[in-house]
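Novice: Let me begin by handing over the structure; questions about it come next.
The values are calculated or read from the model by the stated rules, or taken from the named source; none is laboratory data. None of these values were measured; they are calculated from a predicted model. Here the Cβ positions follow ideal geometry from the backbone for every residue, glycine too, while neighbour counts run over all protein chains shown. Calculation scope for accessible area: heavy atoms of the full protein, side chains included, ligands and nucleic acids excluded. Shrake-Rupley method; radii C 1.70, N 1.55, O 1.52, S 1.80 Å.
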Amino acid sequence: MTSTTSDQKDTSCPLMSKPHCQRLVSKDGRSLMRGSAPGCRETWFGALRDMWGTWLALRWRWVVLAFCSSFLLHWLLFAVLWYLLARVNGDLEVPDHNSPPPGHVLCVKHVTGFTAAFSFALETQLTIGYGTMYPNADCPTAIALLALQMLLGLMLEAFITGAFVAKFSRSQKRCGGILFSPQAVVCEVRGQRCLMFRVCNLLPRPLVDVCVSAVLYEESDNHELHQTAIEFSVDNLGSRPCPLFLSPLTFYHPLTPTSPLNSATSSKNFELVVFLTASQESTGSGYQKKTSYLPDEIQYGSCFTKVTSRHGKGRGKAESMRYFDTQPSPLTLPNTHTGDTLEKEHVSVQINGEGCDRLE
């Protein structure tokens, strides 16, 4: 009986205690949270039902491979069909297509083998000019097959082109120049203890309407995951969006007695996930970036150094990391913890593919 209980404890993966299932969101913004783990068959059916989403989620190397493979398979398929048409029509047995036997109607002139059929299918799809090979208007089957190849080819090109444009225009992939501070700090601002993090914009264009939201994930003793909204603000804007993102922005959350972060920091078993959204001033394109902070990534008694003009000269990522330098800032005010709890709704999640737990 004891060994059975021990096995059950080993298989129930605590969400934030084991190193390999520690995070819900990586530092670079990748989500490590998934729903239930279906079998292989359900996974393939789900990918087919959401083919567009599956395509956009693929890495670029697989997208390029799928791009090349789809066109090659399309050309190969119609090369086989053109070859079968020539074979059924008896065109392969005609020694000279320039002088066919009386009464014999050629479907495709000069298609005398599979290589010629593949070349004809390639020329048809890419519209690069037939040369000596061309379909005969007196063969209705050839005209029907030509129309079918062109229709399917145009559909394939439209899908591939749209997928490439969608992958290039994804808001997450345009945010490589938006950097979060690797550490959050707790210091005193205007006589109040606050948790702060800093965001830097390295993009060659300004961003507007910058909004930041955060969710605090806490794990209870029975491995239930609770989520609580945390409000951050910059300067005196409160919850309103920041109108312009030029210099580094420092967002802060007051650690008041009613703040959920007070009880979380005492338990040391939480993750703070931060979401940033912004728009490009000239085009209105959306930008989205997220990161997370674990308890050991929060520096107590430290604050960010002031941004000076010397720092602003650097354009590279390494130089811009100086925006996130910290300096000691002793905490003199007492910190009050609160034990208030809220009713939360549970949903089923899976972290890093291991163990099924409830998310609130």
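Novice: Within the stretch 225-253, count every residue that is farther than 21 Å from Lys306 by Cα and touching a Pro at 6+ places or on another chain (Cβ under 7 Å).
Specialist: The total comes to 2.
Novice: Does Tyr83 meet the test of being under 30 Å from Ile160 (Cα atoms) and open to solvent by less than 80 Å² (accessible area, probe 1.4 Å)?
Specialist: For Tyr83, the condition - under 30 Å from Ile160 (Cα atoms) and open to solvent by less than 80 Å² (accessible area, probe 1.4 Å) - is met.
Novice: Across the stretch 47-63, what is the number of residues that are without any contact (Cβ under 8 Å) to a residue 12 or more places away in the chain, more than 18 Å from Ala158 (Cβ to Cβ) and either part of a helix (DSSP H, G or I) or in contact with a Lys or Arg (Cβ under 7 Å, 6 or more places away or on another chain) (or both)?
Specialist: So the answer is 6.
Novice: For Gly162, indicate whether it is small (Gly, Ala, Ser) and assigned to a loop (DSSP other than H, G, I, E, B). Before you say what the answer is, go through the steps one by one.
Specialist: On the way: small (Gly, Ala, Ser): yes; assigned to a loop (DSSP other than H, G, I, E, B): no.
No.
Novice: Working only within the stretch 158-201, note down all residues that are of a type in the set (D, E, K, R) and modelled with pLDDT under 90.
Specialist: Going residue by residue through the stretch 158-201, those that are of a type in the set (D, E, K, R) are 167, 170, 173-174, 188, 190, 193, 198.
Result: Lys167, Arg170, Lys173, Arg174, Glu188, Arg190, Arg193.
Novice: Select, from Thr124, Thr132, Thr141, the only residue that is over 30 Å from Val64 (Cβ atoms) and touching a helix residue (DSSP H, G or I) at 6+ places or on another chain (Cβ under 9 Å).
Specialist: Values: Thr124 fails: over 30 Å from Val64 (Cβ atoms); Thr132 fails: touching a helix residue (DSSP H, G or I) at 6+ places or on another chain (Cβ under 9 Å).
Criteria check complete, one pass: Thr141.
Novice: If you go through the stretch 233-275 one residue at a time, how many are farther than 18 Å from Leu207 by Cβ and not in a loop (DSSP other than H, G, I, E, B)?
Specialist: Of the residues in that region, 15 qualify.
Novice: For the subset of the stretch 86-111 comprising residues that are within 17 Å of Pro140 (Cα to Cα) and of a type in the set (Gly, Ala, Ser), which member is surrounded by the most Cβ atoms within 10 Å (Cβ to Cβ)? Please lay out each step first, then the result.
Specialist: From the stretch 86-111, those within 17 Å of Pro140 (Cα to Cα) are 86-91, 103-109, 111; that's our starting set.
Now restrict to residues that are of a type in the set (Gly, Ala, Ser): 86, 90, 103.
Values: Ala86: 25, Gly90: 14, Gly103: 5.
Across the stretch 86-111, the extreme among qualifying residues is Ala86.
Residue-by-condition table, conditions (1) in a loop (DSSP other than H, G, I, E, B); (2) modelled with pLDDT of 85 or more; (3) not acidic (Asp, Glu):
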{"position": "Ser279", "(1), (2), (3)": "no, yes, yes"}
{"position": "Gly284", "(1), (2), (3)": "yes, no, yes"}
{"position": "Glu319", "(1), (2), (3)": "no, no, no"}
{"position": "His337", "(1), (2), (3)": "yes, no, yes"}
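Novice: Oh, and also: For the stretch 233-276, give me each residue that is among the aliphatic types (A, V, I, L, M), open to solvent by less than 70 Å² (accessible area, probe 1.4 Å) and over 25 Å from the mean Cα position of the chain (by Cα). Reasoning before the result, please.
Specialist: Step one: filter the stretch 233-276 for residues among the aliphatic types (A, V, I, L, M), giving 234, 237, 244, 246, 249, 255, 261, 264, 272-274, 276.
Adding the requirement that they be open to solvent by less than 70 Å² (accessible area, probe 1.4 Å) leaves 234, 237, 249, 255, 261, 264, 272-274, 276.
Listed by number, the residues that qualify are Val234, Leu237, Leu255, Leu261, Ala264.
Novice: Now a separate question. Answer yes or no as to whether Leu244 is over 21 Å from Ile298 (Cα atoms), in contact (Cβ under 8 Å) with a residue 24 or more places away in the chain and touching a Gly at 6+ places or on another chain (Cβ under 7 Å).
Specialist: So Leu244 fails the test.
Novice: While we're on this one: Condition first: open to solvent by less than 60 Å² (accessible area, probe 1.4 Å) and either among the β-branched types (Val, Ile, Thr) or in contact with a Lys or Arg (Cβ under 9 Å, 6 or more places away or on another chain) (or both). Now tell me which residues in the stretch 134-167 satisfy that.
Specialist: Listed by number, the residues that qualify are Pro135, Asn136, Ile160, Lys167.
Novice: Something else now. How many residues are open to solvent by 40 Å² or more (accessible area, probe 1.4 Å) and either outside any strand (DSSP E or B) or not assigned by the TED database to the domain that holds Gln288 (or both) when one looks only at the stretch 207-232?
Specialist: 4
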